[in-house]
Every structure is written in C-alpha cells, then in structure tokens.
1. Using Cα pairs under 8 angstrom and six or more residues apart, how large is the relative contact order of segment 84-159, in percent?
2. Percent antiparallel among DSSP beta bridges with both residues in the chain, to the nearest 5?
3. Fewest first, what order do 13, 185 take by the number of other Cβ atoms within 10 Å?
4. Give the relative contact order (percent, whole number) for the chain; include only Cα pairs under 8 Å separated by 6+ residues.
5. Report the Cα centroid-to-centroid distance between segment 126-140 and segment 26-42 in angstrom, as an integer.
6. Compute the Rg/Rh shape ratio of the chain: radius of gyration over Kirkwood radius, all on alpha-carbon atoms.
7. What does the highest-first list of 115-128, 199-212 look like by mean Cβ count within 10 Å?
8. Between residue 50 and residue 123, what is the label-point separation in nm under the 7 Å Cα-to-beta-carbon projection?
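Readers should treat all values here as calculations from the given coordinates under stated rules, not as data from a laboratory. Worth saying up front: this structure is predicted, and the values here are computed from it rather than measured. All Cβ positions, glycine included, derive from the backbone under ideal geometry; neighbour counts span all protein chains shown.
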Ligand SMILES: C[S@@+](CC[C@H](N)C(=O)[O-])C[C@H]1O[C@@H](n2cnc3c(N)ncnc32)[C@H](O)[C@@H]1O
C-alpha cells in the first residue's frame with residue numbers, strides 16, 4: 001500500500017515514542033506501510049551536547065536553544081512538510097482541526113521541554129497547536145495526541161463507519177451510550193430497547209441519548 005502520511009517527532013526524549021508505535025491501530029498502520037513515524041533526537045543537533053540555556057532577562061528554569069531545533073527542522077524538512085510547534089500558547093486542538101490536517105503529507109511536530117523553546121522558533125514553524133488549557137512537562141505526550149487523532153482518520157486505517165457515529169462527528173453531538181455483555185452487571189441493566197432488534201427504535205433511542213449527553217456536558221462546561 002502507498003504511504004499516506006509521514007510524521008516526524010523532534011524531541012529530546014525519543015524513547016517516549018517506542019510504545020506509541022507498538023500497539024493497536026498505530027502499529028497496524030505502520031505494518032501496512034500506510035504511515036511512517038520518524039523520531040529525531042534533538043541532542044544529535046547540539047554543539048557539545050548542550051540543548052538548553054538560561055533565560056535572558058532572568059527567570060526560573062531553562063529554555064531549549066533555537067539552533068539545535070532549527071538544524072533538526074532543516075534536516076527533516078521537505079517541500080511537503082507542515083511544521084507544528086506543540087505548545088500551550090497555540091490554538092487548541094479539536095476534531096475540526098484534526099480533520100483539516102489529514103491531507104498533510106509530512107507533519108513535523110516539535111516538542112518543547114523545561115520552560116519551552118526560544119521564541120524565535122516562530123520564524124521556522126507554520127503554526128503552534130495546544131492540546132488544552134493546562135501545562136504538561138514536555139511536548140511528547142501532546143505530540144502523540146495530535147498524531148493519534150490524525151492517524152485514525154486517514155483512509156484505510158479504520159472503517160469509515162466507525163468514525164461516522166463518533167463524538168463530534170454528528171453535528172457536533174457526543175456519541176450515545178453503548179453496552180456489551182452481560183445484560184445485567186451489579187444490578188445495572190442494559191436498556192431494553194437495545195435488546196429487541198427493532199432498529200428504528202434503537203436509532204431513535206441513540207439519537208435522543210446523544211442529544212441528552214451533549215446537553216448534559218454543555219451545561220457542566222458552563223458551570224465550570
Ligand atoms: C513546561 S511546558 C512550558 C510551558 C511554558 N513555560 C508556558 O508557560 O507557556 C514545556 C513544553 O511542554 C509542551 N506543552 C505543555 N503544555 C502543553 C499543552 N497544553 N499543549 C501542547 N504542548 C504542551 C510544550 O512543548 C512546552 O514547550
């Protein structure tokens with residue numbers, strides 16, 4: 001099969017990605033050659049093994065230096081590359097953003113660490129993406145979130161029907177409740193409507209359940 005997307009992770013800790021590549025859908029996509037995942041160790045592009053330094057103007061912590069990162073970008077970049085800084089100051093990822101990224105041929109995800117990256121990185125990237133309004137130790141987990149959410153939407157990875165009913169796909173509704181065996185667990189029963197094979201009623205129930213769940217979560221969000 002032809003490769004659909006290559007993703008390059010530029011990171012100080014490439015070991016993070018070993019497990020990511022070794023399980024489930026991502027592993028299958030790799031074995032079918034539908035995707036290529038490349039990890040680049042930032043330290044390989046440093047002078048004297050140094051990748052971070054103190055912050056001009058003072059302040060706590062260390063900052064990743066610009067030079068090794070730019071060298072790593074130049075090493076991996078092609079004419080098809082889209083370069084993303086993974087960071088909390090970027091636009092927050094959502095399903096629409098994920099969908100807009102599925103045609104990228106080569107995605108480069110740059111992971112910060114410590115206090116982040118020298119701000120001159122902005123001259124070398126296409127955009128910055130955050131995965132939410134909280135602070136992680138480093139960009140590695142965030143980069144895997146971004147990569148995973150894109151990979152599962154690529155053609156040939158999972159069945160198209162599996163996406164269609166998922167949360168955020170159906171007019172932004174959340175997915176309906178689902179159950180598997182046993183019919184009763186610890187006194188909690190599967191709704192009867194799902195057991196009688198009446199597809200019209202099942203569809204009606206699921207639609208209503210989707211709407212109820214979405215409203216419930218929206219109300220909760222407003223309360224926070
Ligand atoms: C400790 S954070 C740096 C936070 C930075 N000093 C700030 O206040 O904006 C280190 C790295 O983790 C990653 N990171 C942290 N939170 C993130 C988020 N919400 N989304 C994406 N990446 C994040 C970024 O790559 C960042 O450079």
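1. 48
2. 25
3. Starting with the residue having the fewest Cβ neighbours, the order is 185, 13.
4. 20
5. Cα centroid of segment 126-140 versus Cα centroid of segment 26-42: 21 Å apart.
6. We get a ratio of 1.07 for the chain.
7. The densest-packed peptide leads the list: 115-128, 199-212.
8. Distance between the two pseudo-spin positions: 2.0 nm.
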